Amino acid sequence: MKKFLAIILAMTMVMALVACGGSNNSSSDSASAPAESTSDASAAPAAEPTASGSVYWLNFKPELDETAQALAKTYTEKTGVPVKVVTAASGTYGQTLTAEMDKSAPPTMFVITNPSMDDEWGDYALDLTGTAIANELSTDAYNLYNVNDPSKLDAIGYCYECYGIIVNPDLIEKAGHSMDEIKNFDGLKAVAEDIHSRAAELGFDAFSASDLDGSSSWRFTGHMINLDYVYEERAAGTVWTEQPASITGEFVPNYKNLFDLCINNSTVEPSTLATGGHDAEAEFKSGKAAFFVNGSWEYAAVSETVPNATMIPYYCGVAGEEKAGLNCGTENNWAVNAMASAEDQQATIDFMVWLVTDPDASAQMVAQLGIMPYKQAVESTNGFLNDAAEYTANGCYVMDWATNYQPDVDNYRAGIVSALNAYCADQSDANWETVRTAIVDGWAAAYANTH
């Protein structure tokens with residue numbers, strides 16, 4: 001279907017160019033975009049253009065939006081090249097991409113998150129092998145090659161991240177504990193439950209809110225669930241290199257251990273998580289919670305008020321987890337639209353190169369993303385990424401991003417969210433079995449639907 005759509009899109013774009021006398025207006029249809037934020041910098045005062053063409057960046061990361069919009073404006077002012085940025089609302093990237101690609105002026109720069117998504121969208125991706133932006137990479141470790149043609153570079157990683165449990169050591173100490181006590185699930189559980197039992201006395205609780213609405217559920221259905229996949233890999237003595245048709249769910253009970261600890265020792269009642277509306281980041285930053293489930297992209301925000309915040313692994317009761325490290329990898333890979341005009345493709349690549357080589361631009365990007373795997377990008381000062389490196393240096397195993405292989409990702413995660421909502425409302429064994437079914441049987445069904 002995507003291949004057929006690609007052909008139709010190419011024909012549509014040719015007809016549009018003819019109808020417009022060869023011009024390319026990247027801002028058309030933008031008002032109807034189901035996106036969190038939209039900016040078109042083409043109206044900004046500009047210097048003499050350094051290149052023809054224009055750029056339309058469909059941004060995957062809501063937390064990068066403000067920076068992306070500002071950089072787009074700066075680039076247009078410097079070069080005269082119009083740069084439009086649309087940021088998909090959290091949890092809607094897949095449908096936003098489908099909708100935007102079907103328009104007469106689709107994105108020239110978009111994100112492919114994982115091999116499964118590349119299987120769907122690889123035909124839209126320009127081969128970046130040997131391009132100026134690919135030549136700026138400092139590593140090939142995070143790139144996505146075409147599933148049918150391994151020599152074709154479909155998308156290049158633009159940041160490397162880690163996630164786990166963010167901790168405020170000052171609050172741990174204030175509660176009469178130390179970080180040395182938290183080396184496995186038993187230690188984490190003892191500290192968290194003690195803090196929760198004395199929350200009124202202490203003035204803070206253990207975990208910040210674990211909302212399951214669209215702005216937050218990815219923390220548990222896209223990130224925390226990774227612990228099951230990683231430990232399945234480790235039990236089999238392998239690392240996934242392609243999407244498995246099924247999973248065993250052997251470590252779903254360990255996922256339950258940690259999820260239960262989060263929702264039952266928290267600032268909010270479990271029954272309120274479905275509708276969301278809580279600000280987990282603000283709770284942590286203001287000292288209302290000692291633990292915050294999230295990733296390295298939060299460092300800039302939380303370090304403003306918790307400068308010595310640190311990150312610990314997903315301790316969940318697996319044997320030997322004292323040697324666990326953080327979840328490290330990426331689902332952020334830039335692709336250039338193969339259906340765009342040659343002028344727009346070149347303009348897009350030029351813009352990407354500027355983002356990772358210009359000292360000021362790359363500094364702004366790194367401040368939000370933590371680290372960029374490019375030779376000329378500024379160095380990272382992200383404390384959580386430093387934590388990840390320290391775990392590795394101490395001989396701990398990295399929890400790779402096996403979650404990137406989730407099939408039919410939006411629908412698969414939606415099924416898990418629905419089951420988790422029912423469980424949070426009534427933590428019965430029967431309701432947890434529904435969660436297990438959504439994770440395990442849901443995977444097999446999603447794989448079948450997409451293959």
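The values are calculated or read from the model by the stated rules, or taken from the named source; none is laboratory data. All values derive from a computational prediction rather than experimental measurement. Every residue, glycine among them, receives a Cβ derived from its backbone with ideal geometry; neighbour counts consider all protein chains shown.
For the reader, a short list of remarks on this structure follows.
- Being hydrophobic (A, V, I, L, M, F, W, C), in contact (Cβ under 8 Å) with a residue 60 or more places away in the chain, surrounded by fewer than 21 Cβ atoms within 10 Å (Cβ to Cβ) and over 30 Å from residue 275 (Cβ atoms) holds for only one residue in 378, 398, and it is 398.
- Checked against (1) more than 25 Å from residue 96 (Cα to Cα); (2) without any contact (Cβ under 8 Å) to a residue 40 or more places away in the chain; (3) crowded, with 22+ Cβ neighbours inside 10 Å, residue 442 passes all but condition (1).
- Check on residue 242, acidic (Asp, Glu), surrounded by fewer than 16 Cβ atoms within 10 Å (Cβ to Cβ) and more than 18 Å from residue 293 (Cβ to Cβ): yes
- Among residues of segment 315-361 being of a type in the set (Val, Ile, Thr) and at pLDDT 95 or above, the one that is surrounded by the fewest Cβ atoms within 10 Å (Cβ to Cβ) is 357.
- Of the residues making up segment 145-199, those that are touching a Cys at 6+ places or on another chain (Cβ under 8 Å) and of a type in the set (A, V, I, L, M, F, W, C) are 162, 185.
- Where helices (runs of 4 or more DSSP H) fall wholly inside segment 247-340, the ranges with 3 or more residues that are assigned by TED's automatic domain parsing to the domain that holds residue 430 and of a type in the set (D, E, K, R) are 280-285.
- Only residues that are in a loop (DSSP other than H, G, I, E, B) and either at pLDDT 95 or above or among the polar types (S, T, N, Q) (or both) were counted across segment 214-231, and they come to 4.
- Test result for residue 129, crowded, with 22+ Cβ neighbours inside 10 Å and more than 26 Å from residue 451 (Cβ to Cβ): no
- The listed residue being out of contact with any Phe, Trp or Tyr (no Cβ under 7 Å at 6 or more places or on another chain) and modelled with pLDDT of 95 or more, out of 300, 309: 309
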